[in-house]
Amino acid sequence: MKQSWKPGTMIYPLPAVLVSCGDGDEQNLFTVAWTGTICSSPAMCYISVRKERHSYKMIRESGEFVINLTTVALAKATDWCGVRSGKDYNKFEEMNLTPGKAKCVQCPIIEESPLCIECRVKEVIPLGSHDMFIAEIVAMHANDEIIDDKGKIDLAKAGLISYIHGEYFA
């Protein structure tokens, strides 16, 4: 027997990622779980962001962001960056994270992230509570320790975390 429920966002698990945005003058990090792949050729992805978020304007104006995959070691930072505003904190400093230089975008990557995905916005779709930023993936950075002996990325080595209805899981 099944119970009927009102519509809701119960498609889980989702990746819990830290998105970095901004440039040398103003940078920010924030946590996103509404993200995913939408096309393989060209490689494209999306993030959905509330208009009220401090980073929304930075991404809208620059047309760039970086998706930084998160790990068990980054779980505290992932949660903290999701509940604090970049208006009030320098999240890189507060979480002892290292901003690194991206290859194709002005946004920083997070050096502690095992995989950083540079993105350039192609389209913004207003959806309601969130706007969806559809982006082309323009570069990726993988830590040496997640590259296997055949030169392929092995995400099983990364210790990634996911988000399930308010909680994080390895």
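The values are calculated or read from the model by the stated rules, or taken from the named source; none is laboratory data. Just so it is clear, the structure is predicted and the values come from calculations on it, not from any experiment. Note that we place each Cβ from the backbone using ideal geometry, even for glycine, and neighbour counts take in every protein chain shown. The protein model used for the area step is the full one, side chains on, heavy atoms only, and it has no ligands, DNA or RNA in it. Shrake-Rupley method; radii C 1.70, N 1.55, O 1.52, S 1.80 Å.
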- Task: Kindly provide the set of residues from the stretch 1-43 that are touching a strand residue (DSSP E or B) at 6+ places or on another chain (Cβ under 6 Å), in a loop (DSSP other than H, G, I, E, B) and among the hydrophobic types (A, V, I, L, M, F, W, C), ordered by number.
- Result: A16, A33, W34
- Could you identify the single residue in N68, N96 that is at positive phi and of a type in the set (S, T, N, Q)? N96
- Message: Given (1) touching a residue at least 60 places away in the same chain (Cβ under 8 Å); (2) in contact with a Ser or Thr (Cβ under 7 Å, 6 or more places away or on another chain), identify the lone condition not met by I67.
- Response: (1)
- Among all residue pairs at least 6 apart or on different chains, which show Cβ distances below 8 Å where the first residue, located in the stretch 116-142, is farther than 14 Å from T35 by Cα and the second is open to solvent by 30 Å² or more (accessible area, probe 1.4 Å) and among the acidic types (D, E)? R120/E136; K122/E136
- Message: Step by step: first the residues of the stretch 86-116, then only those that are among the acidic types (D, E) and either out of contact with any strand residue (DSSP E or B) (no Cβ under 9 Å at 6 or more places or on another chain) or open to solvent by less than 30 Å² (accessible area, probe 1.4 Å) (or both), then the one that is farthest from D148 (Cα to Cα). Which residue is that?
- Response: D88
- Task: Could you identify the single residue in E167, E111, E136 that is modelled with pLDDT under 95, within 17 Å of the chain's Cα centre (by Cα) and not small (G, A, S)?
- Result: E167
- Message: Testing T98 on (1) within 17 Å of A16 (Cα to Cα); (2) modelled with pLDDT of 95 or more; (3) more than 12 Å from the chain's Cα centre (by Cα), one condition comes back false. Which one is that?
- Response: (1)
- Message: Among the numbered criteria (1) surrounded by 14 or more Cβ atoms within 10 Å (Cβ to Cβ); (2) modelled with pLDDT under 95; (3) closer than 28 Å to I153 by Cα, which one does H54 miss?
- Response: (3)
- Hey, I38 touching a residue at least 40 places away in the same chain (Cβ under 8 Å) and crowded, with 19+ Cβ neighbours inside 10 Å or not: no
- Task: Name the residue, out of V32, V66, V19, V83, that is of a type outside the set (D, E) and open to solvent by 60 Å² or more (accessible area, probe 1.4 Å).
- Result: V83
- Item | E118 being farther than 23 Å from R60 by Cα and among the acidic types (D, E) | no
- Query: Residues of the stretch 8-47 being farther than 22 Å from S162 by Cα, out of contact with any Asp or Glu (no Cβ under 9 Å at 6 or more places or on another chain) and of a type outside the set (G, A, S), which ones?
  - Reply: D25, E26, Q27
